[in-house]
Amino acid sequence: MRTKRLAVPYLIWMVIFTIIPLGIVLYFAFTDSVSHAFTLENIIRISNYMPVFINSIWLALISSLLCIVIGYPVAYYIAGRSPAMQRFLYMLIMLPMCISFLLRTMAWVSLLDDTGIINGFIRTLGLKPLPLIRNNGAVILGMVYNYLPYMIMPLYTVLIKMDRRLIEAAQDLGCDSVQVFQRVIFPLSIPGILSGFTMVFVPAVSTFYISQKLGSSGTTLIGDVIESQFKAAYNPNLGAALSLVLMILVFICIGITNKFSDNDEEVVTI
């Protein structure tokens, strides 16, 4: 009974800051802006933004895969160091996150802009400036830079907790370094990959500030559309409907991650 009482503040917090906001989103998504009557018009109009959804998912998917390619070797290297070195390297990975997200993005604008630092240096060499900004590549770069720590963290956590006796057993059975990685380390780190993929993909697919500063009109993401519905166009009902689709996408990603995590726990228990 006492344990249940301790959960009351948490339940109140969840109701106020999770359940009620979700209910408000659902209400606006299925009502019109004039009479507030029930309607499916907002859901139907989502089909007009399918190209934007596809572009957002595509760029977020590329960014997530790049984070895996970059983050896995980094996490693997950190996990193989001494405890003191691990703490130092982990601190270096987390250090940029102490800086404002907006400032980090604006720093890339200063670097990539047509009159920025990189193109300024290129001009001093007598070369023509490069189109480094206002394209998909710049948006992907901004996503990878800002969300890479979210990939490294779960990968490092999984790798550092891995039972080293399994690696030693594989080596005793004649596996070389490549075979140990393929048959032992990589399969056991899949839950960390899935968790990191979710932690990167979810904010990347819904971001809007990165695409506004580093992208162009051709790199409009669904986050930009949602923001415009609550500001410029001021159609919160359509904005809520678009947000609802994003929430469903988030729930699907979390469900897939939890499913694989549960399977991993069952294997460890056996």
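No value in this document is a laboratory result; all are computed from the given coordinates. Values in this document were obtained by computation on a predicted structure and should not be read as measured data. So basically every Cβ, Gly included, is an ideal-geometry build from the backbone, and we count neighbours across all protein chains shown.
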Report, by residue number, each residue of the range 102-130 that is among the charged types (D, E, K, R), free of Cβ contacts under 8 Å to residues at least 40 places away in the same chain and under 14 Å from Leu214 (Cβ atoms). Asp113, Asp114
Which numbered condition trips up Pro191, out of (1) under 15 Å from Gly71 (Cα atoms); (2) surrounded by fewer than 14 Cβ atoms within 10 Å (Cβ to Cβ); (3) not charged (D, E, K, R)? (2)
Determine, yes or no, whether Ala169 is more than 28 Å from Met91 (Cα to Cα) and either touching a residue at least 24 places away in the same chain (Cβ under 8 Å) or not in a loop (DSSP other than H, G, I, E, B) (or both). yes
One residue is enough: does the range 41-60 have a residue meeting the conditions touching a strand residue (DSSP E or B) at 6+ places or on another chain (Cβ under 9 Å), in contact (Cβ under 8 Å) with a residue 60 or more places away in the chain and either part of a helix (DSSP H, G or I) or surrounded by 11 or more Cβ atoms within 10 Å (Cβ to Cβ) (or both)? yes
Taking Asn135 as meeting all but one of (1) surrounded by fewer than 16 Cβ atoms within 10 Å (Cβ to Cβ); (2) closer than 25 Å to Phe201 by Cβ, write down the number of the exception. (1)
Filter the range 68-94 for residues that are touching a Pro at 6+ places or on another chain (Cβ under 9 Å) and hydrophobic (A, V, I, L, M, F, W, C); the one that is surrounded by the most Cβ atoms within 10 Å (Cβ to Cβ) is Ala75
By residue number, the members of the range 79-131 that are under 30 Å from Ile54 (Cα atoms), outside any helix (DSSP H, G or I) and under 23 Å from the mean Cα position of the chain (by Cα) are Ser100
